[in-house]
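The structure under discussion appears below in the form of C-alpha coordinates.
The values are calculated or read from the model by the stated rules, or taken from the named source; none is laboratory data. Please read all numbers here as calculations on a predicted model, not as lab measurements. Cβ atoms come from the backbone with ideal geometry, glycine included; neighbour counts cover every protein chain shown.
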Amino acid sequence: MKIIPYLMYLFLISFHETILGELTSVGGVAFDMTILIVVLTALYKGEMEALWFGFMAGLVAGAAAPDILPYRVILTVVLSVLANFLSNRINLESIVSRLVILAGMVLINRLVITSLTSTDEIFFVLFRFILPSVLYTSLWGLIFFALKDGIITPQKVKALF
(Lines give C-alpha, C1' and ligand atoms only; values in the text may rest on other atoms or scores of the structure.)
Protein backbone atom coordinates (compact mmCIF):
# COMPACT_ATOMS: atom_id res chain seq x y z
CA MET A 1 0.00 0.00 0.00
CA LYS A 2 1.43 3.32 -1.08
CA ILE A 3 0.79 6.05 1.44
CA ILE A 4 1.47 9.22 -0.58
CA PRO A 5 -1.85 9.20 -2.52
CA TYR A 6 -3.79 8.71 0.70
CA LEU A 7 -1.99 11.63 2.32
CA MET A 8 -2.87 13.75 -0.70
CA TYR A 9 -6.52 12.68 -0.41
CA LEU A 10 -6.49 13.64 3.27
CA PHE A 11 -4.94 16.99 2.41
CA LEU A 12 -7.65 17.54 -0.22
CA ILE A 13 -10.34 16.69 2.34
CA SER A 14 -8.88 19.08 4.93
CA PHE A 15 -8.46 21.82 2.31
CA HIS A 16 -12.07 21.39 1.25
CA GLU A 17 -13.38 21.33 4.83
CA THR A 18 -11.53 24.51 5.79
CA ILE A 19 -11.34 26.68 2.67
CA LEU A 20 -13.15 25.30 -0.38
CA GLY A 21 -16.30 24.14 1.41
CA GLU A 22 -17.87 27.57 1.48
CA LEU A 23 -16.73 28.39 -2.04
CA THR A 24 -18.23 25.25 -3.57
CA SER A 25 -21.56 25.45 -1.78
CA VAL A 26 -24.48 26.84 -3.75
CA GLY A 27 -27.30 28.37 -1.72
CA GLY A 28 -26.49 26.31 1.35
CA VAL A 29 -26.21 23.07 -0.64
CA ALA A 30 -22.76 21.68 0.04
CA PHE A 31 -20.62 19.27 -1.93
CA ASP A 32 -19.53 16.33 0.27
CA MET A 33 -15.91 15.83 -0.74
CA THR A 34 -15.15 13.59 2.24
CA ILE A 35 -17.75 10.96 1.44
CA LEU A 36 -16.96 11.16 -2.28
CA ILE A 37 -13.30 10.35 -1.71
CA VAL A 38 -14.07 7.73 0.94
CA VAL A 39 -16.56 5.95 -1.33
CA LEU A 40 -14.18 6.09 -4.30
CA THR A 41 -11.46 4.58 -2.16
CA ALA A 42 -13.84 1.90 -0.92
CA LEU A 43 -14.98 1.07 -4.46
CA TYR A 44 -11.54 0.73 -5.98
CA LYS A 45 -9.34 -0.47 -3.10
CA GLY A 46 -9.38 -3.35 -0.65
CA GLU A 47 -11.22 -3.68 2.62
CA MET A 48 -8.30 -2.74 4.88
CA GLU A 49 -7.44 0.35 2.85
CA ALA A 50 -11.10 1.38 2.94
CA LEU A 51 -11.27 0.82 6.70
CA TRP A 52 -8.15 2.77 7.59
CA PHE A 53 -8.75 5.53 5.08
CA GLY A 54 -12.31 5.91 6.34
CA PHE A 55 -10.97 6.27 9.87
CA MET A 56 -8.39 8.88 8.91
CA ALA A 57 -10.82 10.79 6.67
CA GLY A 58 -13.32 10.88 9.54
CA LEU A 59 -10.67 12.31 11.84
CA VAL A 60 -9.65 14.95 9.33
CA ALA A 61 -13.21 15.94 8.40
CA GLY A 62 -14.42 15.89 11.99
CA ALA A 63 -11.62 18.10 13.27
CA ALA A 64 -13.62 21.16 12.22
CA ALA A 65 -16.44 20.21 14.61
CA PRO A 66 -14.96 18.55 17.71
CA ASP A 67 -18.33 18.11 19.40
CA ILE A 68 -19.39 15.50 16.82
CA LEU A 69 -15.92 14.13 16.03
CA PRO A 70 -16.50 10.60 17.43
CA TYR A 71 -19.78 10.27 15.54
CA ARG A 72 -18.19 11.54 12.34
CA VAL A 73 -15.31 9.07 12.60
CA ILE A 74 -17.58 6.10 13.33
CA LEU A 75 -19.98 7.09 10.56
CA THR A 76 -17.22 7.52 7.99
CA VAL A 77 -15.70 4.14 8.87
CA VAL A 78 -19.09 2.41 8.68
CA LEU A 79 -19.89 4.04 5.33
CA SER A 80 -16.47 3.11 3.97
CA VAL A 81 -16.80 -0.52 4.98
CA LEU A 82 -20.39 -0.64 3.73
CA ALA A 83 -19.41 0.80 0.34
CA ASN A 84 -16.58 -1.72 0.07
CA PHE A 85 -18.94 -4.54 1.03
CA LEU A 86 -21.44 -3.47 -1.62
CA SER A 87 -18.74 -3.02 -4.25
CA ASN A 88 -17.72 -6.66 -3.84
CA ARG A 89 -21.27 -7.84 -4.45
CA ILE A 90 -22.50 -5.76 -7.38
CA ASN A 91 -21.49 -5.10 -10.97
CA LEU A 92 -19.08 -2.18 -10.87
CA GLU A 93 -18.97 -1.99 -14.66
CA SER A 94 -22.18 0.01 -14.57
CA ILE A 95 -21.95 3.71 -13.78
CA VAL A 96 -25.47 3.59 -12.38
CA SER A 97 -24.55 1.06 -9.70
CA ARG A 98 -21.56 3.14 -8.58
CA LEU A 99 -23.73 6.27 -8.51
CA VAL A 100 -26.38 4.51 -6.43
CA ILE A 101 -23.74 3.48 -3.88
CA LEU A 102 -22.33 7.02 -3.80
CA ALA A 103 -25.75 8.68 -3.49
CA GLY A 104 -26.82 6.27 -0.77
CA MET A 105 -23.69 6.87 1.28
CA VAL A 106 -24.01 10.66 0.94
CA LEU A 107 -27.68 10.46 1.93
CA ILE A 108 -26.94 8.37 5.02
CA ASN A 109 -24.05 10.64 6.01
CA ARG A 110 -26.07 13.83 5.63
CA LEU A 111 -29.08 12.43 7.49
CA VAL A 112 -27.01 11.31 10.47
CA ILE A 113 -24.89 14.47 10.69
CA THR A 114 -27.96 16.69 10.29
CA SER A 115 -29.87 14.81 12.96
CA LEU A 116 -26.94 15.33 15.33
CA THR A 117 -26.43 19.02 14.65
CA SER A 118 -29.65 20.59 13.40
CA THR A 119 -32.62 21.71 15.44
CA ASP A 120 -34.81 22.31 12.38
CA GLU A 121 -37.51 19.94 11.25
CA ILE A 122 -35.89 17.00 9.47
CA PHE A 123 -38.26 17.03 6.48
CA PHE A 124 -37.52 20.67 5.75
CA VAL A 125 -33.80 20.05 5.96
CA LEU A 126 -34.16 16.86 3.89
CA PHE A 127 -35.82 18.57 0.95
CA ARG A 128 -34.01 21.90 1.21
CA PHE A 129 -30.43 20.81 1.88
CA ILE A 130 -29.85 17.05 2.01
CA LEU A 131 -31.36 15.86 -1.28
CA PRO A 132 -29.83 18.70 -3.32
CA SER A 133 -26.49 17.91 -1.65
CA VAL A 134 -26.84 14.27 -2.66
CA LEU A 135 -27.52 15.33 -6.26
CA TYR A 136 -24.61 17.81 -6.23
CA THR A 137 -22.15 15.22 -4.96
CA SER A 138 -23.51 12.58 -7.33
CA LEU A 139 -22.97 14.95 -10.25
CA TRP A 140 -19.29 15.22 -9.35
CA GLY A 141 -19.19 11.43 -8.96
CA LEU A 142 -20.75 11.03 -12.42
CA ILE A 143 -18.08 13.30 -13.91
CA PHE A 144 -15.36 11.26 -12.19
CA PHE A 145 -16.81 7.93 -13.34
CA ALA A 146 -17.24 9.22 -16.92
CA LEU A 147 -13.61 10.35 -16.98
CA LYS A 148 -12.38 7.10 -15.47
CA ASP A 149 -14.36 4.92 -17.88
CA GLY A 150 -13.30 6.95 -20.91
CA ILE A 151 -16.77 8.25 -21.73
CA ILE A 152 -15.40 11.77 -21.56
CA THR A 153 -11.96 12.16 -23.15
CA PRO A 154 -10.01 15.22 -24.30
CA GLN A 155 -10.49 14.09 -27.91
CA LYS A 156 -14.30 13.91 -27.50
CA VAL A 157 -14.40 17.32 -25.85
CA LYS A 158 -12.17 18.74 -28.59
CA ALA A 159 -14.47 17.28 -31.25
CA LEU A 160 -17.38 19.28 -29.84
CA PHE A 161 -15.67 22.58 -30.50
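In the range 72-95, which residue that is at pLDDT 95 or above and of a type in the set (Ser, Thr, Tyr) is nearest to Thr34 (Cα to Cα)?
Here the answer is Thr76.
Return the pair list, or none, for Cβ contacts closer than 8 Å from residues in the range 64-80 that are on the phi < 0 side of the Ramachandran plot to residues that are among the hydrophobic types (A, V, I, L, M, F, W, C) and not in a helix (DSSP H, G or I), at least 6 apart or on different chains.
Hits for this filter: Leu69/Ala63; Arg72/Ala65.
Tally up the residues in the range 10-26 that are in contact (Cβ under 8 Å) with a residue 40 or more places away in the chain and either over 27 Å from Ser97 (Cα atoms) or touching a Cys at 6+ places or on another chain (Cβ under 8 Å) (or both), please.
The total comes to 3.
Can you find, within the range 82-102, the residue that is farthest from the chain's Cα centre (by Cα) among those that are buried (at least 18 other Cβ atoms within 10 Å of the Cβ) and among the hydrophobic types (A, V, I, L, M, F, W, C)?
Here the answer is Leu86.
Kindly provide the set of residues from the range 72-123 that are acidic (Asp, Glu) and closer than 14 Å to Leu43 by Cβ, ordered by number.
Glu93, the sole residue that qualifies.
Quick test of your reading of the structure: Asn91 fulfils all but one of (1) over 18 Å from Tyr9 (Cβ atoms); (2) assigned to a helix (DSSP H, G or I). Name the failing condition by number.
For Asn91, the exception is condition (2).
If the requirement is being at pLDDT 90 or above, outside any loop (DSSP other than H, G, I, E, B), touching a helix residue (DSSP H, G or I) at 6+ places or on another chain (Cβ under 6 Å) and not small (Gly, Ala, Ser), which of these qualifies: Leu69, Leu139, Leu131, Leu147?
None of the other options fit; the residue is Leu69.
Over 19 Å from Ile3 (Cα atoms), buried (at least 16 other Cβ atoms within 10 Å of the Cβ), hydroxyl-bearing (Ser, Thr, Tyr) and out of contact with any Asp or Glu (no Cβ under 6 Å at 6 or more places or on another chain) - does that describe any residue in the range 65-72?
Among the residues of the range 65-72, at least one is over 19 Å from Ile3 (Cα atoms), buried (at least 16 other Cβ atoms within 10 Å of the Cβ), hydroxyl-bearing (Ser, Thr, Tyr) and out of contact with any Asp or Glu (no Cβ under 6 Å at 6 or more places or on another chain), which makes the answer yes.
Just a yes or no: is a residue in the range 105-116 out of contact with any Pro (no Cβ under 6 Å at 6 or more places or on another chain), of a type outside the set (Asp, Glu) and more than 26 Å from Gly21 (Cα to Cα)?
No; the residues of the range 105-116 include none that is out of contact with any Pro (no Cβ under 6 Å at 6 or more places or on another chain), of a type outside the set (Asp, Glu) and more than 26 Å from Gly21 (Cα to Cα).
I need every pair where a residue in the range 135-151 that is farther than 20 Å from Asn109 by Cβ and of a type in the set (D, E, K, R) has its Cβ under 9 Å from the Cβ of a residue that is at pLDDT below 95 and exposed (fewer than 12 other Cβ atoms within 10 Å of the Cβ), sequence separation at least 6 or different chains.
These pairs meet every condition: Asp149/Glu93.
Among the residues of the range 15-57 satisfying the criterion of being hydroxyl-bearing (Ser, Thr, Tyr) and surrounded by fewer than 19 Cβ atoms within 10 Å (Cβ to Cβ), which is farthest from the chain's Cα centre (by Cα)?
Thr18
Considering each residue of the range 24-48, count those that are of a type outside the set (S, T, N, Q), part of a helix (DSSP H, G or I) and either touching a His at 6+ places or on another chain (Cβ under 9 Å) or under 17 Å from Val106 (Cβ atoms) (or both), and give that number.
9
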